[in-house]
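The values are calculated or read from the model by the stated rules, or taken from the named source; none is laboratory data. As the structure is a computational prediction, the values presented were derived from the model and not from experiment. Positions of Cβ are generated from backbone atoms using ideal geometry, with glycine treated the same way; all protein chains shown enter the neighbour counts. In case anyone asks, the SASA skips ligands and DNA or RNA and just uses the protein heavy atoms, side chains included. Shrake-Rupley method; radii C 1.70, N 1.55, O 1.52, S 1.80 Å.
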Amino acid sequence: MLKLFQNQGKVLRWTMGIILFLVAGSMIITLVPNVFGPAGPGAADILAEVDGVPVTTGDVEVELRQHRANNVPPAAISMIASNTIDALIAERVLFAEAAALGLVPTDEELAVWIREQLPEVLFPDGKYIGADAYHRFVRQQFRRTVPEFEQEILYNIAISQHLRQLVTDSVSVTEDELKGRFHEENDSIRIEWAAVDSASVRGEVEAKPEQLGAYFDANKLRYRHAERRPLKLMTIGPDAAVSDHEITDAEIDLHYSQNQYRFENPERVKVRHILFMTMGKSDAETEQARKDAEAVLEDLRGGGSFEELAKEHSEDPGNAENGGDLGWVSRGMMDPAFEEASFALQESGEMTQSPVKSEFGYHLIRLDDRQAPSVKPLSEVRDVIREDLRAERAQSDRYSLMERAMTAAEQAGAALENAAGELGLPYQAFEAFSRADLPDQLPKASALVEAIFEQPVGQVFTVAEEDTLYIGFVTEAVPARDAEYEEVSSTVRDDYIDTESANIARQRAEDLAQAAKDASGDLTAAARRSRLSTTTTDWIKRGGEIEDLGSVSALGEAAFAMTDGELQGPVAVGDRWVVFRTISMQPADESALASDGDALRQTLLNEKRTMVFDYFRNQKVRDYSEQGLVVRYADRIQQYLQSMQNVI
C-alpha cells in the first residue's frame with residue numbers, strides 16, 4: 001500500500017512536487033483560456049461548443065496527427081475528421097457530465113497517474129528529468145504537447161474511469177446470456193460448398209476502347225493524382241560528432257568538489273510497520289482500526305514478536321508476509337507523518353509509542369537500523385564522473401553541430417546540399433512524391449513525413465525523432481490533379497477486367513444456385529453439370545477457417561442459423577462467389593462452462609459495459625443538444641472539411 005510513496009527507494013518527495021507543479025500549471029493554461037496564454041482560437045477556428053467549451057480545428061488536428069503520420073490518404077483523412085468532430089463533441093459532453101457529478105480528478109490524481117505510468121522515464125534513478133526533457137518526451141512518444149497530453153489524461157480519468165465505472169457498475173451477465181455466448185463460440189457445423197473463381201473467367205472479358213473510356217469517366221476520382229512534393233534532406237544521426245574526449249584527473253577532482261551533492265548517501269532508516277487500513281472506510285471503521293492498532297501495540301509491549309504480529313495483522317500486502325519489512329528508506333520517500341515518526345526513532349528495536357496516522361491508516365513502526373548521511377569517496381565515483389563528463393562533452397559537440405547545421409541550412413535555403421557538404425553530413429534529394437507513394441530511401445520517421453506535407457513550401461524545417469535530427473527543404477508542391485486517360489490506361493484496363501470478371505463469376509454462381517434448387521438441393525449434381533467441384537468441411541466453429549476458402553465468418557451468420565441443408569448464396573469470399581449449404585450442427589458440451597465460464601463471463605461483461613456506456617454517451621449528447629448546450633457551426637465544419645477535400 002505504501003508503494004504510492006515508496007518506489008523501491010528511488011522517487012523522492014520533491015519530484016512529486018515538480019510533477020504536481022507541471023500538471024497544475026499546464027492545466028491552468030490548457031483548461032482556463034486567457035490566464036497566461038494568448039486570447040485563444042479565433043471564431044473561425046471554433047467548430048462547435050459544448051456548454052461554452054469549444055471544439056476547435058486545433059483540437060481536431062491533434063487527433064489527426066497520427067493518421068497523417070501513418071500516410072492515411074487525404075480522402076480518408078476528411079472522413080476521419082468528420083467523425084473526430086463528433087467524437088470530440090461527445091467527449092466534451094461526457095466531461096461536463098463528469099464535472100457535474102464531481103468526478104473530475106484532482107491535480108494529485110493526475111500526478112499519481114504520471115508517476116505510476118512513467119516512473120523510469122521521468123524519474124531515472126529517482127531524479128526528475130526536467131521540464132524540457134519532459135516536453136520532448138511527450139512530443140516524441142505521444143505526438144502531443146504537454147498541455148494536450150495532460151488534458152488527455154484528465155479526460156481519460158474523468159470519463160473512461162470514474163464516469164464509466166459509475167454508469168456500468170450495476171451491469172451483470174445472466175446465465176442465459178452466458179450459455180448463449182458459449183454456444184455462439186463453440187457450436188460446430190459442417191458445410192458443403194462450391195465456388196466460381198473470378199480469375200477463371202478473366203479470359204472471357206472483352207475490353208473495348210469505348211468500354212474502358214466509359215469506365216474511366218465513371219471512376220475518375222479513383223485515378224486522381226495526389227499532391228506531390230520534392231524534398232532535400234540533411235540528417236544528423238545518433239553517431240554524428242561522436243569523439244572520444246580525454247578527461248583529466250584534475251577535471252574529475254574539480255567536478256567532484258563542485259558537485260558533492262550528487263554523491264551523497266542520505267540519512268536512512270531501516271524500519272518495519274504494521275498497517276491498519278482506513279482508506280475508504282467509515283468513521284466507525286476508522287475508529288475500530290485505531291483500537292485494533294492499540295491492542296496490537298499492547299501485545300508488542302508485552303514481548304510479542306513484531307514480525308509475527310505483522311504477518312497476522314498488517315493490511316499492507318506488499319510486505320506483511322515479510323514481517324512488515326520496508327527496507328531502507330530515505331527522507332522524502334514516505335508519507336510525511338510516517339516519515340516523521342520513523343526518523344524520530346533513535347535506537348535499533350525502538351518502536352513508536354502510539355499508532356501513527358497517515359493517509360493510509362494507522363501504523364505501528366519499529367526501527368531496525370539507521371545510517372547517518374555521508375559522501376561517497378572520490379575513489380568510488382571517479383569512473384562514474386569520467387563517463388559523465390565524457391558524455392557531457394559528446395552531447396555538447398552534438399548540440400553544437402546541430403546549431404551549426406540549422407544556421408547553415410537557413411542560410412543555404414534551397415541549396416541545402418551546400419550546407420550538408422560544408423559540414424560533412426548525409427544528404428538526400430528526392431523527386432516529387434505523395435504521401436501514398438513514399439520513396440524507399442526516405443527515412444520512415446512519422447514526424448518527418450508529417451512535416452514534409454504540412455510545413456510551408458520554400459522554408460527550412462527541422463524534425464527531431466528519437467536520436468536523429470532531420471533538416472529538410474521542400475522546393476515546391478505539385479498540386480493534386482485529375483489523371484489523363486493515357487497516363488493510367490493499363491491500370492484502368494486491369495480494373496475494368498477485374499470488375500467484369502467478378503460480375504460474370506457472380507452470374508455463374510447465381511445460375512449454379514438456381515440449378516441446385518431445381519435439383520432438389522443437390523449441390524453436387526448441379527456443380528458437376530457446371531464443371532465445378534464441391535467440398536465438404538470437417539466440423540468448424542464460428543472463428544474457424546475453411547480449407548482452400550478462408551474464414552467461415554465470410555459466409556455470414558446464416559451458416560449457423562440455417563442448418564437444415566437449405567442452399568445459400570452466392571456470397572463473395574475474396575475473388576470467388578460461393579454457393580453452400582450447412583449439412584449439420586453439433587452443439588457444444590455445456591459441461592465446459594465449469595472451467596471456462598468465469599473468463600467468458602468477464603468478456604461478456606466487458607462487452608455489455610461498453611454497450612451500456614455507448615448508449616449513455618449517445619443519450620447524453622442528445623440531451624445536451626436538445627437543451628441547446630451543444631452548438632455546431634455547420635458552415636465552419638463544412639468549410640474545414642472542404643479545405644481537406646481541396647488537397648485530395
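Rounded to whole numbers, the Karplus 3J(HN,Hα) couplings from phi for the range 282-292 are 6, 4, 5, 5, 5, 5, 5, 4, 5, 5, 5 Hz, using 6.51 cos²θ - 1.76 cosθ + 1.60 with θ = phi - 60°, and x at Gly and Pro.
Classify the chain as rounded, prolate or oblate, taking a ≥ b ≥ c as the square roots of the eigenvalues of its Cα gyration tensor: rounded when a/c is under 1.5, otherwise prolate if a/b is larger than b/c and oblate if not. Kindly include the intermediate steps, with their values, before the conclusion.
Values: a/c = 2.19, a/b = 1.37, b/c = 1.60.
Since a/c reaches 1.5 but b/c is at least a/b, the shape of the chain is classed as oblate.
Working from Cα positions, state the angle (0 to 90°, nearest 10) between the long axis of helix 485-518 and the longest principal axis of the chain. Value to nearest ten degrees: 80. Here the accessible area of the chain is 48 percent carbon and sulfur, with a 1.4 angstrom probe and all protein chains present.
Taking the C-alpha atoms only, the angle from helix 13-31 to the longest principal axis of the chain is near 50 degrees.
Of the peptides 466-478, 160-172, 586-598, how do they stack up when ordered by the mean number of other Cβ atoms within 10 Å, highest first? Walk me through the numbers before you get to the answer.
Values: 466-478: 17.6, 160-172: 14.7, 586-598: 11.6.
Output ranking for 466-478, 160-172, 586-598: 466-478, 160-172, 586-598.
The mean accessible area for residues of the chain, using a 1.4 Å probe and ignoring ligands and nucleic acids, is 53 Å² per residue.
Legend: calculated FRET efficiency, Met277 to Arg531, from the Cβ-Cβ distance at R0 = 51 Å, rounded to 0.05, equals 0.10. In this rough spin-label picture, where each label sits 7 Å from Cα along the Cβ direction, the Glu403-Glu285 distance is 5.9 nm. Converting phi to 3J(HN,Hα) with the Karplus coefficients 6.51, -1.76 and 1.60 and the offset θ = phi - 60°, the range 300-308 yields 5, 5, x, x, x, 6, 4, 4, 5 Hz in sequence order, with x at every glycine or proline. Extension gain, Asn322-Ser396: 0.36 nm per intervening residue step, less the Cα-Cα distance, totals 21.9 nm. For Arg370, the residues whose amide H sits under 5 Å from its own are Lys270, ignoring neighbours fewer than 5 places away on the same chain, with H placed 1.01 Å from N. Helical content alone sets the calculated 222 nm signal of the chain at -15500 deg cm²/dmol, taking -39,500 (n - 2.57) per DSSP H segment of four or more residues and averaging over every residue.
What you get for the chain, charging only the Cβ of Lys and Arg (+1) and of Asp and Glu (-1), is a dipole of about 900 debye around the Cα centre. Under 5 Å from the amide H of Asp51 lie the amide H atoms of Val630, Val631, each residue being 5 or more positions distant or on a separate chain, with H modelled from the backbone and absent for Pro and chain starts.
Of the peptides 413-426, 571-584, how do they stack up when ordered by the mean number of other Cβ atoms within 10 Å, highest first? Can you show the working numbers first?
Numbers: 413-426: 16.2, 571-584: 20.0.
Highest to lowest by the protection proxy: 571-584, 413-426.
Taking a spot 7 Å from the Cα of Val457 along the direction of its beta carbon, which residues of the range 473-510 have an amide N less than 17 Å from it? Zone members listed by number: 473-482. Distant-in-sequence amide contacts of Gln586, defined by a placed amide H-H separation under 5 Å and a gap of 5 or more residues or a different chain, comprise Ser188, Ile189.
Applied to the range 178-184, the Karplus parametrisation 6.51 cos²θ - 1.76 cosθ + 1.60 on θ = phi - 60° returns per-residue 3J(HN,Hα) values of 5, 5, x, 5, 4, 5, 4 Hz, with x for Gly and Pro. The simple spin-label model puts a point 7 Å past each Cα toward its Cβ; for Gln586 and Ala415 those points are separated by 7.9 nm.
Modelled spin-label separation between Ala133 and Ser160, with each label point placed 7 Å from Cα along the Cα-to-Cβ direction: 2.6 nm. Measuring nothing but how far apart in sequence close Cα pairs (under 8 Å, 6+ apart) lie, relative to its length, the chain scores a relative contact order of 26 percent. Using a probe of 1.4 Å on the protein chains alone, the accessible area found for Arg222 is around 140 Å².
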